[in-house]
Amino acid sequence: MTPTVRRVAVVGGNRIPFARSNGPYAHASNSDMLAAALDGLIERYNLQGETLGEVVAGAVLKHPRDRDLTREVVLGSKLAPETPAYDVQQACGTGLETTIAVANKIALGQIDAGIAGGVDTTSDAPLALNDDLREVLLDANRIPDTAGRLKLLTRLRPGMIKPAIPANQEPRTGLSMGEHCAIMASEWGITREAQDELTIRSHNALAAAYDKGFQDDLITPYLGLERDQNLRPGSTPEKLAKLKPVFGGPEGTMTAANSTPLSDGASVVLLASEEWAKARNLPILAYITEAQTAAIDHVHKREGLLMAPAYAMPTMLDRAGITLQDFDIYEIHEAFAAQVLCTLAAWEDPVFCKERLGRSAPLGSIDTEKLNINGGSLAAGHPFAATGGRIVAGLAKELSERGSGRGVISICAAAGQGVVAILESAGGSK
Amino acid sequence: MSQDLYTQIVNSPPGGFIAKRVGLPQPTALDRYAPGQPVVKGQVLVGAAPGGRLSSSIAAVLGEAKIDTATTLAPELRTAAADAGLDASVFNPEAGGDRRFKGLVFDATGIKDSAELVELQRFFHPSVRKVQSSGRVLVLGTPPEDTKDPREHTAQRALEGFTRSLGKEIGKGATAQLVYVAPGAEDLIGSTLRFFLSPKSAYVSGQVARVTPGQPVPADIDWERPLAGKTALVTGASRGIGEAIIETLARDGASVVGLDIPQLGEDLKKVTDRLDGEAIELDITSDDAPKVLAAHFKAGVDIVVHNAGVTRDRTLAKMPEDRWQSVLDINLSSEERINDALLKGKRIPSGGRIIGVSSMAGIAGNRGQTNYATSKAGVIGMVESMAPVVAERGITINAVAPGFIETQMTAAMPIAVREPGRRLNSMNQGGLPIDVAETIAWYASSASGGLNGNVVRVCGQMLLGA
């Protein structure tokens, strides 16, 4: 039997304001934050007691005790306890990847509605036992007699007290994501000025979105925070120019301002078939019509770590039969201002498009007036797995308000991966 | 012959420490080529003055040679790289990052007026500090004589002052050259770019080469063995520079024939046996030498390297005629007679190469060497006069002019003469016979049909005769 493919509606989204690391959410766990975002969504769309097809979410930095994090959060929520759930982890791609996972099951008719999301805390980080200490303790556990165990304990050393802290580091290169991005910025010739300009735009756009009430039905205040803590509108190029580079050495162009800070937060998105939404009198903000994930070899082929979205995009465009210019809104995740600018430069570059993408002509440039129009991660902050949900919900709402048009999402992820997706306005079916 | 002792000492940690403290010259251990190596070990940055005509030719060469390349953001360079299949990264000096380059290549053909020479400053100022040890700087221009506008002629001629000065200040064993590419010769720059970018040109700096229209590069060229199927004659091949030349031509695929005087027959045979070559014992000044050679090469000889040469030093006041005459006859007149015989007998086919060995003495002059310097300046004259003549037959003629090369001859010099000779150049050291040989192999290459009438010095940019 060939399944019929159904249109997948974005009904709405919800998130808690994003906080800076060790800020207001310092003592909130991933479960706490995901639950807060989910509760707000349930309340907004009257999902109390509903048995949904599934809830899919994930966290990049996750405690070992958070086995089945999402399922446990569902059990603690007002959704019916019969709602299944599972966790996904694909670094910063998590939030969009969960959206695609839920959307695909809806499209195939396997489920009618579901929630996708993500959460991350860099404050309540999972510290692990020092590997040497862990080995001694595990060995001790394997020895049956007390004398033998005591003898083993002589292997203990003071240095073993030091815990293993999760590092923002690529295992195969030893470089942090920022250092990787600094190499990309250099290889693509991205200037400090261009990065700072994008940063200022991002903050001003997000502040304007808050001011006009755009975020009102996208956010549930949490622990005293009503707006994203990182938001700093009204900065100037002169002020940003004073900051010292944090990546790429003394000649580097990347600063604490034009890179996203470590953040805490959670986001969720409600997806459904048209029938399911209409039956419950819920809005349809937009449809998810295409998605693509790609990965690059940053280890052996010297490709930039965060360049995978540049590869995912043309594959998706070809399948959709459209060009890069056929969008009204571009949502490119601002992990670093340089990442966005490298991606745009790559799509404009004849060498990259021919040699790496195997295309006869560049994808071309985009109208940057259409880029991250309600602010991006530089302003909002970037709790890794929560970013995808923030962008999907915000883009769907913008398309709904316009009543027409098409938007594209591009998110880079650690380990050389990237996820892109297309959302189309639901037009009059709102 | 390897590096001189002093260079070895200052390149050891304690020796380098002392040399730095005492302020002694610190010659860099120069990169040298070994078969199987990539053309360039490192990244080459390409820039261009707006409106240049060589972007696509440069990109094609770098792409074919699989050279790791970066370009400036100039759209014509990005397009040229894409068209050439060259996966080049971008370099923007304002974008930071710890970038290092093994070579800088700049297409200056777009410079039509002296006011536009500032393009040199704009490209090299931010990039020159990023050049690695044994790095390479190449500026490509239009031969002034081939320009139509006086302003353009002036500006293109000005390039020479730039490369010669940069060669003297860049240091770390890096070299700088100017390559004039005549209109119509754009497709012939491959062998020259490869030579000047590679460690093969270790001891060549501050030079000007001209690439002019000539025979096309063979489509099936094997860059590891560009002389495959060719026969090469090298005179004075039993030892020293001659031995290095014949070895290098054999390495590049040529069937080699070594020639030397009968007294050195045994040494010669050792060399040619090792290379699977032939040995000819012959005094090139003898009356029948041209006839003997023409008879020997009935099937033709593709490459003729006139390397044999002698010195008989004396100040002119003490110079008897025989001492004068033997040097002139061995170093110059016999070469002319042999060329004439081989050309007249049609022994050198189309695609052939005649290569002379001049000397720094022939350019700058040298006390006690009026005879030698006259003969070596004459070799330059021979190249100049014969270039248009042989060109009609698809043959080229060029010469090298070695400076201080580490040989048995220079090792025997008194230290007061030897040390200044060795150090008074941009590399602060003497060259090796292989450096001369590699330059000759560059002329000899089947891909070098665009080189005719060149005299390139292999002198580490000696301060004399500049």
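The values are calculated or read from the model by the stated rules, or taken from the named source; none is laboratory data. Only a predicted model underlies this, so the values are computations on that prediction, with no experimental measurement involved. Don't worry about glycine lacking a Cβ; one is built from the backbone with ideal geometry, like all the others, and counts go over all protein chains shown. Just so you know, the surface numbers come from the protein's heavy atoms only, side chains and all, with ligands and any DNA or RNA stripped out. Shrake-Rupley method; radii C 1.70, N 1.55, O 1.52, S 1.80 Å.
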Could you list, in sequence order, the residues of the stretch B:62-76 that are in a helix (DSSP H, G or I) and more than 9 Å from every other protein chain (Cβ to nearest Cβ)? B:Leu62, B:Gly63, B:Glu64, B:Glu76
Would you pick out the residues in the stretch B:246-262 that are under 22 Å from the mean Cα position of the chain (by Cα) and in a loop (DSSP other than H, G, I, E, B)? B:Asp252, B:Gly253, B:Ala254
Would a scan of the stretch A:192-214 turn up a residue that is out of contact with any Cys (no Cβ under 8 Å at 6 or more places or on another chain), more than 28 Å from A:Pro245 (Cα to Cα), in contact (Cβ under 8 Å) with a residue 24 or more places away in the chain and part of a loop (DSSP other than H, G, I, E, B)? yes
Can you say whether B:Lys269 is touching a strand residue (DSSP E or B) at 6+ places or on another chain (Cβ under 9 Å) and free of Cβ contacts under 8 Å to residues at least 12 places away in the same chain, as far as the supplied structure shows? yes
Give me a count of the residues in the stretch B:89-122 that are open to solvent by less than 70 Å² (accessible area, probe 1.4 Å) and away from chain A (no Cβ under 14 Å). 16
Pick from the stretch B:77-117, criterion among the charged types (D, E, K, R) and assigned to a loop (DSSP other than H, G, I, E, B), ranking: farthest from B:Glu64 (Cα to Cα): B:Asp113
Residues of the stretch A:217-239 satisfying the condition of being within 30 Å of A:Leu38 (Cα to Cα), of a type outside the set (D, E, K, R) and surrounded by fewer than 15 Cβ atoms within 10 Å (Cβ to Cβ): A:Pro221, A:Gly224
Being farther than 23 Å from A:Gln90 by Cα and surrounded by 14 or more Cβ atoms within 10 Å (Cβ to Cβ) narrows it down to one of A:Leu129, A:Leu153, so name that one. A:Leu129
Name the single residue, out of those in the stretch A:289-325 being assigned to a loop (DSSP other than H, G, I, E, B) and closer than 26 Å to A:Ala272 by Cα, that is least open to solvent (accessible area, probe 1.4 Å). A:Ile322
Does B:Gln177 meet the test of being assigned by TED's automatic domain parsing to the domain that holds B:Ser56, open to solvent by 20 Å² or more (accessible area, probe 1.4 Å), outside any helix (DSSP H, G or I) and out of contact with any Asp or Glu (no Cβ under 7 Å at 6 or more places or on another chain)? no
Just to check your reading of the model, which residue among B:Ala308, B:Ala295, B:Ala299 is outside any loop (DSSP other than H, G, I, E, B) and either assigned by TED's automatic domain parsing to the domain that holds B:Thr370 or open to solvent by 30 Å² or more (accessible area, probe 1.4 Å) (or both)? B:Ala295
Does the stretch A:262-276 include one or more residues that are open to solvent by 80 Å² or more (accessible area, probe 1.4 Å) and within 14 Å of another protein chain (Cβ to nearest Cβ)? no
Residue check, B:Pro183 against (1) surrounded by fewer than 24 Cβ atoms within 10 Å (Cβ to Cβ); (2) modelled with pLDDT of 95 or more; (3) more than 15 Å from B:Gly103 (Cβ to Cβ); (4) out of contact with any helix residue (DSSP H, G or I) (no Cβ under 7 Å at 6 or more places or on another chain), all met but one. Which one? (4)
Determine if the stretch A:240-256 includes at least one residue that is more than 14 Å from chain B (Cβ to nearest Cβ), within 22 Å of the chain's Cα centre (by Cα), polar (S, T, N, Q) and open to solvent by less than 20 Å² (accessible area, probe 1.4 Å). no
Of everything in the stretch B:203-243, what is open to solvent by 10 Å² or more (accessible area, probe 1.4 Å), in contact with a helix residue (DSSP H, G or I) (Cβ under 7 Å, 6 or more places away or on another chain) and not in a loop (DSSP other than H, G, I, E, B)? Give them in sequence order. B:Val208, B:Gly240, B:Ile241, B:Glu243
Checking the conditions here, which among B:Ser134, B:Ser127 is closer than 15 Å to B:Gln43 by Cβ, open to solvent by less than 30 Å² (accessible area, probe 1.4 Å) and in contact with a Gly (Cβ under 7 Å, 6 or more places away or on another chain)? B:Ser134
I need the helices (runs of 4 or more DSSP H) fully contained in the stretch A:334-430, keeping only those with at least 1 residues that are surrounded by fewer than 20 Cβ atoms within 10 Å (Cβ to Cβ). A:337-348, A:387-402
State whether one or more residues within the stretch A:156-177 are within 14 Å of another protein chain (Cβ to nearest Cβ), at pLDDT below 95 and open to solvent by 20 Å² or more (accessible area, probe 1.4 Å). yes
Can you find a residue that is surrounded by fewer than 22 Cβ atoms within 10 Å (Cβ to Cβ), more than 29 Å from B:Ala447 (Cβ to Cβ) and free of Cβ contacts under 8 Å to residues at least 24 places away in the same chain anywhere in the stretch B:348-370? yes
Is one or more of the residues making up the stretch B:444-451 part of a helix (DSSP H, G or I) and either touching a residue at least 40 places away in the same chain (Cβ under 8 Å) or surrounded by fewer than 24 Cβ atoms within 10 Å (Cβ to Cβ) (or both)? yes
